[in-house]
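Take a look at the structure set out below.
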Amino acid sequence: MGRSAGCEGPADPDSLEVLQAATRVLTGVALRSMDVLDGAVTLPQFRMLAVLADLGQARSIQVARALGLEASTVTRLADRLVTSGHIVRGSEPGHRGVVTLELTGTGQLLVDRVVAWRQQELARMLALLPPADRVRLTSALRQLVAVAGEGYGTISRSLVPV
């Protein structure tokens, strides 16, 4: 088996187990945060809203790429979110065939409610750690996010329309 540049060897089982547990905790926070919406949107619909909150007005193909979905799936999600008043569909001036999507104020409020709940819950958890441990955790997680790269919850700015 080949090694990636910078790897010292295979990850130890304890590290992997702790990372798996942390993944379950963070997934739990993300899923519980959806409860504040009282079923207003589904998880896939919320993912689209969150991507649009990051991108601003974007071409539907850019949203599909950011979500890792087919364009037709994004179209169906967008149809439901337009009907519910959470996004608006438009087109680019001079390119009527290019479909754009953008959050409405209502869609942005949903995203803001979920983000606020997540921040509150994560802050509660962090407050239980000694300050030095918080600093080490933040540093380690920053490194993990950096090595994970695009496709693991980050959106490349190259997806933002110029």
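For region 34-50, does any single residue satisfy the condition of being under 30 Å from residue 144 (Cα atoms) and touching a strand residue (DSSP E or B) at 6+ places or on another chain (Cβ under 8 Å)?
yes
Across region 68-85, which residue is farthest from residue 39 (Cα to Cα) among those that are in a helix (DSSP H, G or I) and touching a Ser or Thr at 6+ places or on another chain (Cβ under 8 Å)? Quick ask: steps written out before the conclusion?
Applying the first criterion (in a helix (DSSP H, G or I)) to region 68-85 yields 71-83.
Checking the rest, the ones that are also touching a Ser or Thr at 6+ places or on another chain (Cβ under 8 Å) come to 71, 74-75, 78.
Values: 71: 25, 74: 20, 75: 21, 78: 17 Å.
Here the residue is 71.
Using the structure shown, decide if residue 88 is in a strand (DSSP E or B), without any contact (Cβ under 8 Å) to a residue 40 or more places away in the chain and in contact with a helix residue (DSSP H, G or I) (Cβ under 8 Å, 6 or more places away or on another chain).
On the way: in a strand (DSSP E or B): yes; without any contact (Cβ under 8 Å) to a residue 40 or more places away in the chain: yes; in contact with a helix residue (DSSP H, G or I) (Cβ under 8 Å, 6 or more places away or on another chain): yes.
For residue 88, the condition - in a strand (DSSP E or B), without any contact (Cβ under 8 Å) to a residue 40 or more places away in the chain and in contact with a helix residue (DSSP H, G or I) (Cβ under 8 Å, 6 or more places away or on another chain) - is met.
Does region 129-145 contain at least one residue that is modelled with pLDDT of 95 or more and part of a strand (DSSP E or B)?
no
Kindly establish whether residue 18 is surrounded by fewer than 16 Cβ atoms within 10 Å (Cβ to Cβ) and modelled with pLDDT of 95 or more.
Details: surrounded by fewer than 16 Cβ atoms within 10 Å (Cβ to Cβ): yes; modelled with pLDDT of 95 or more: no.
When the stated conditions are applied, residue 18 does not pass them.
For region 106-116, check the following and say yes or no: at least one residue is in a helix (DSSP H, G or I), loosely packed, with under 15 Cβ neighbours inside 10 Å and among the small types (Gly, Ala, Ser).
Checked against the condition, which is being in a helix (DSSP H, G or I), loosely packed, with under 15 Cβ neighbours inside 10 Å and among the small types (Gly, Ala, Ser), region 106-116 yields at least one hit.
How many residues does region 36-71 hold that are crowded, with 20+ Cβ neighbours inside 10 Å and either without any contact (Cβ under 8 Å) to a residue 12 or more places away in the chain or among the acidic types (Asp, Glu) (or both)?
Residues that pass the stated criteria total 1.
Considering only residues that are in contact (Cβ under 8 Å) with a residue 60 or more places away in the chain and charged (D, E, K, R), look in region 117-147 and name the one that is surrounded by the fewest Cβ atoms within 10 Å (Cβ to Cβ).
121
The values are calculated or read from the model by the stated rules, or taken from the named source; none is laboratory data. These figures come from a predicted structure and were not determined experimentally. In this analysis, Cβ positions are derived from the backbone assuming ideal geometry, glycine residues included, and neighbour counts consider all displayed protein chains.
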